[in-house]
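Visitor: Would you mind keeping the following structure in view while I ask a few things?
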Amino acid sequence: MAVDADVVRLRRGDLNALSELITRYQNRLYRYLLRMVRQPAEAEDLFQQTWLRVVEKIRSFDASRNFDAWLFTLARNLAIDHLRRIRPQSLDEPLANSWQSETVADRIPCKDHTPLDHALAAERRTEISEAMAGLPMMYREVLTLRFEDEMKIEEIAQVTAVPVSTVKSRLRRSLEQLRYALEARYPGGTWQ
Amino acid sequence: MSEHDKFRELLALAAADALTSAEEKQVAEHVRSCIACSDELGAWRPLASELRRLPTPQPSSWLLQSTLARAEAKLTEQAEHDWNRRVLIVVVAFAWLLMIASWLVFRVVSGRFGSLLDPQFSHTWISFAAFTALGWLAGGVAAVMLAVRQRGERRLA
């Protein structure tokens, strides 16, 4: 595995390397935290805490290892601690309010689709996002890591500190629960 | 569990591209001969496809700037801490050298005057122990004074 030059520079205390890494991981990390805690203000706080933890621990990080997995593990531990602290009764209480926001890219119409197609696709994704937000935390987590962050099963196993077989089983169950949730919300299959 | 049920359980994972190449091959073979599983796989694919295209929430530019500022402050603080630790190590080493060097001087001086007063006073080990204890005592007093001062500074900050 190639050693990340920015990580090596950060280990030497290079501020520019830190800026590069924050810029590179900003969307992925923020999205992951938001999927975990579902509240933008909490995700923002955890985003900051994660980078502070990175600065604190970067010297103990083995630069030949996978930085992505290490970063997401730090973020995950902070998010779980946070959820335990603020919602000790249940980590997976579904929230009513939606946090969803679109990117500029999502609003650019595709040449092959009509505006109606685009609107329907956006609506479908909103429905899926809302259904996903209602799933238990460990299922939201595995879905976002696999489909949005495009992590391999082995990487997800590293981040979540569970065996590959457990990741697969969680992934299967999360997809099944998401599908059932969508079918329950939209009995006519309108989300498809 | 029948063969069919076993493959059916793998269909969601197949849509998520989460199978090993061997499993993928087996599922593909089964799906070719099983219409029910082929339909089921067809139902999983749109969901997997949409999950890959969910809109990405963007962190605000304020958050990025604020994070960078806090992380930079932490990095600077750590660099200062490391520097202080290095300085402390050098100072401690220097203090020990100074104490050993001054012991030689002390011995010469005390040996001369001590032997005049009491011949036992010039006993090397007792004198060295007393001298070392004096050195530690002085170090301890200095450490307490520094800690009190640091606490005062923290309170002001």
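The values are calculated or read from the model by the stated rules, or taken from the named source; none is laboratory data. Fair warning: this is a prediction, and the values are worked out from it, not measured in the lab. All Cβ positions, glycine included, derive from the backbone under ideal geometry; neighbour counts span all protein chains shown. The accessibility values were calculated without ligands, DNA or RNA, using every heavy atom of the protein model including side chains. Shrake-Rupley method; radii C 1.70, N 1.55, O 1.52, S 1.80 Å.
Visitor: Tell me: how much accessible area in total is hidden between A and B, 1.4 Å probe, Å², nearest 100? Provide the component values of the computation, followed by the final result.
Guide: Values: alone 11390 and 13320 Å², together 20490 Å².
Roughly 4200 Å² of accessible surface disappears when A and B pair.
Visitor: Something else: If B:SER66, B:SER21 are ordered by their accessible area, calculated over protein heavy atoms with a 1.4 Å probe, which sequence runs from highest to lowest?
Guide: Descending order: B:SER21, B:SER66.
Visitor: Viscosity 1.002 mPa s, temperature 20 °C: Stokes-Einstein D of chain B from its Kirkwood Cα radius, in µm² per second? Each step should come with its number before you reach the end.
Guide: Numbers: Rh = 24.4 Å.
It comes out at roughly 88 µm²/s.
Visitor: Still on this structure, I have one more. Given a Förster distance of 41 angstrom, what is the FRET efficiency for B:PHE128 paired with B:GLN65, based on the Cβ-Cβ distance and rounded to 0.05? Display every interim value, and only then the final one.
Guide: On the way: r = 59 Å, r/R0 = 1.45.
Using R0 = 41 Å, I get an efficiency of 0.10.
Visitor: Could you pull out every one of the lysines with an alpha carbon less than 20 Å from that of B:LYS25, ignoring same-chain neighbours closer than 8 positions?
Guide: A:LYS152, A:LYS168, B:LYS6
Visitor: Please give the helix B:61-117 orientation as an angle from the longest Cα principal axis of chain B, in degrees from 0 to 90, rounded to the nearest 10.
Guide: Orientation of helix B:61-117: about 30 degrees from the principal axis.
Visitor: Still on this structure: Hey, got the average number of other protein chain Cβ atoms within 10 angstrom for residues in A:10-19?
Guide: Numbers: counts 2, 0, 0, 5, 1, 6, 0, 1, 6, 5.
Per residue, the number of nearby Cβ atoms from other chains is 3 on average.
Visitor: Continuing with the same structure: Fully extended, how many nm does the chain gain between B:VAL87 and B:VAL108 (0.36 nm per residue separation, minus their Cα-Cα distance)? Working shown, then result.
Guide: Working: separation 21, 0.36 × 21 = 7.56 nm, distance 3.16 nm.
Once the chain is fully extended between B:VAL87 and B:VAL108, it gains 4.4 nm.
Visitor: What's the average, rounded to a whole number, of partner chain beta-carbon atoms within 10 Å of each residue's beta-carbon in B:69-76? Can you show the working numbers first?
Guide: Values: counts 1, 5, 14, 4, 2, 7, 11, 3.
Per residue, the number of nearby Cβ atoms from other chains is 6 on average.
Visitor: Just counting partner chain Cβ atoms within 10 Å, what average do the residues of peptide B:11-24 show around their Cβ?
Guide: Numbers: counts 2, 9, 7, 0, 1, 10, 5, 11, 2, 3, 0, 0, 1, 0.
Across the residues of B:11-24, the mean count of other-chain Cβ atoms within 10 Å is 4.
Visitor: In Å, what Rg and Dmax follow from the Cα atoms of region A:1-90?
Guide: Rg then Dmax for region A:1-90, in Å: 13.6, 43.
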